[in-house]
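Report on the following structure.
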Amino acid sequence: MSDINGKELVNFMENINNILFSISDNNDKIKNLLNLAIDLTFSDGGTIYLIEEQANEKRLVITFTKNKSINFEFFVGHTIPINKISIAGFSALTGETIIINNINEIPQNHPYRQFSFFDKSLNYKTNNTIAIPLKDSNNNIIGVFQLVNKLSNQSEYNQTDIQASLLLSNLVAMIIEKVNLQKNYQNSILSLQKLFSSMFDWMRFTVNKISEAIIMTQGKFIEYSYPSSSKILNLCDGLYILDKQIQLSYVTFTPFVLCMLHFQSLDMIHIEEISKLFEKETRRHDIIIKEDKYFALVFYNATSDNIDTILRRYKKVVIEYINQKRLYQTEIKYGFIQFDPNKPNQTAESLFEDAKNKININFLP
């Protein structure tokens with residue numbers, strides 16, 4: 001490509017267009033752009049180094065390589081330092097484009113010199129080279145694009161070779177930056193997912209611990225607040241405890257359900273016996289208030305959605321008792337109201353009366 005003509009320029013642009021828009025894989029695009037640069041400049045080979053941080057040190061990593069004379073690909077992954085010992089390292093360090101047409105003439109005291117490790121390892125001789133720093137859109141150096149050993153009769157790299165190499169290396173840099181942005185985006189998403197997952201686990205753990213603490217507090221509250229060893233409270237004591245429950249629920253932001261049962265057709269002897277059955281069924285952190293033929297059951301951390309499930313065990317013991325005593329004409333109705341921690345100024349008396357007013361549901365099947 002020493003003396004490029006119009007047809008060659010058209011072919012050159014078509015090749016670039018095909019690489020950029022017909023190949024989907026970014027690695028394949030980079031490999032094809034490197035091959036195109038080697039062919040256009042009549043070079044024997046080329047290498048693309050990318051900067052990576054390893055053990056807290058930034059190094060040049062051989063990431064893509066091609067050579068017509070030797071198999072250089074087993075050096076992929078090999079690293080060299082970013083310093084003035086090598087031409088590629090010097091280009092990465094300074095951001096300068098370097099063109100050398102006779103490496104043997106580099107003086108010993110020159111700022112850079114040929115890194116002879118690969119030549120000695122492969123019995124290869126590097127005569128001339130172009131090294132171009134790869135820069136992203138923010139002008140950060142992300143790697144080096146290097147071509148070696150021009151093979152044409154005109155054995156020196158000329159201005160046309162340099163211009164073509166600069167164009168192709170810029171395209172390589174653009175693709176690499178795109179890949180890095182995608183990786184960073186994916187890593188950011190993964191990091192966010194891990195962060196949210198950790199936060200969720202922590203929140204779930206915290207909520208569980210808080211819930212355990214609240215239930216324990218609730219149990220202790222009932223235990224220390226009850227005026228007697230019996231779990232069945234009279235109206236006066238019951239309303240006092242219910243007021244305390246309301247205050248606690250405002251603090252812990254925990255709902256409860258007050259369920260009111262009316263045993264309207266039973267005499268007091270049977271109601272007292274049912275009281276003892278209810279006492280056995282009641283959880284440590286629930287409250288039972290008895291007023292004449294009314295029972296107020298306060299179910300802590302319950303809602304109107306699960307009240308029917310909670311009441312099943314009470315229905316079971318009542319049905320067994322009625323069948324045992326053959327009280328087949330017994331009529332029991334109930335109603336309930338849910339305490340809402342968002343609603344201010346609720347009192348035990350108001351909840352008690354509201355629950356009474358809701359009594360219109362048959363308790364027995």
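If I ask for residues that are of a type in the set (A, V, I, L, M) and assigned to a loop (DSSP other than H, G, I, E, B), which ones from the range 321-365 would you list?
Leu327, Ile359, Leu364
Please work out which residue is farthest from Leu235 (Cα to Cα), limiting yourself to the range 280-295 and to residues that are surrounded by fewer than 22 Cβ atoms within 10 Å (Cβ to Cβ) and among the β-branched types (Val, Ile, Thr).
Among those residues, the one meeting the criterion is Thr282.
When Arg59 is evaluated against the numbered criteria (1) surrounded by fewer than 16 Cβ atoms within 10 Å (Cβ to Cβ); (2) among the basic types (Lys, Arg); (3) touching a Pro at 6+ places or on another chain (Cβ under 7 Å), which criterion, by number, is the only one it fails?
(1)
Scan the range 98-112 and report the pairs whose first residue is closer than 21 Å to Leu166 by Cβ and whose second residue is part of a helix (DSSP H, G or I) and at pLDDT 70 or above, with Cβ atoms within less than 6 Å and a gap of 6+ or a chain change.
Ile98/Ile87; Ile98/Ser91; Tyr112/Ile87; Tyr112/Phe90
Can Val318 be described as out of contact with any Cys (no Cβ under 6 Å at 6 or more places or on another chain) and in a strand (DSSP E or B)?
no
With the requirement that a residue be free of Cβ contacts under 8 Å to residues at least 60 places away in the same chain, crowded, with 16+ Cβ neighbours inside 10 Å and among the aromatic types (Phe, Trp, Tyr), what does the range 318-349 give you?
Correct list: Tyr321 only.
Hey, among Ile132, Ile142, Ile87, which residue is farther than 22 Å from Thr41 by Cα and either touching a Leu at 6+ places or on another chain (Cβ under 7 Å) or among the aliphatic types (A, V, I, L, M) (or both)?
So the residue among Ile132, Ile142, Ile87 that is farther than 22 Å from Thr41 by Cα and either touching a Leu at 6+ places or on another chain (Cβ under 7 Å) or among the aliphatic types (A, V, I, L, M) (or both) is Ile142.
Conditions first: (1) free of Cβ contacts under 8 Å to residues at least 12 places away in the same chain; (2) surrounded by 19 or more Cβ atoms within 10 Å (Cβ to Cβ). Val298 passes all but one, so which condition is the exception?
(1)
Taking the range 22-63 on its own, how many of its residues are within 33 Å of the chain's Cα centre (by Cα) and not basic (Lys, Arg)?
Within the range 22-63, residues that are within 33 Å of the chain's Cα centre (by Cα) and not basic (Lys, Arg) number 20.
Residues to consider are Ser86, Ser121; find the one that is surrounded by fewer than 16 Cβ atoms within 10 Å (Cβ to Cβ), at pLDDT below 90, of a type in the set (Gly, Ala, Ser) and on the phi < 0 side of the Ramachandran plot.
Ser121
So Leu277 passes all but one of these: (1) in contact with a His (Cβ under 9 Å, 6 or more places away or on another chain); (2) without any contact (Cβ under 8 Å) to a residue 60 or more places away in the chain; (3) not hydroxyl-bearing (Ser, Thr, Tyr). Which condition number does it fail?
(1)
The values are calculated or read from the model by the stated rules, or taken from the named source; none is laboratory data. What you see is a predicted model, and the numbers here were worked out from it, not measured in a lab. Here Cβ is always computed from backbone atoms with ideal geometry, including for glycine, and neighbour counts include all displayed protein chains.
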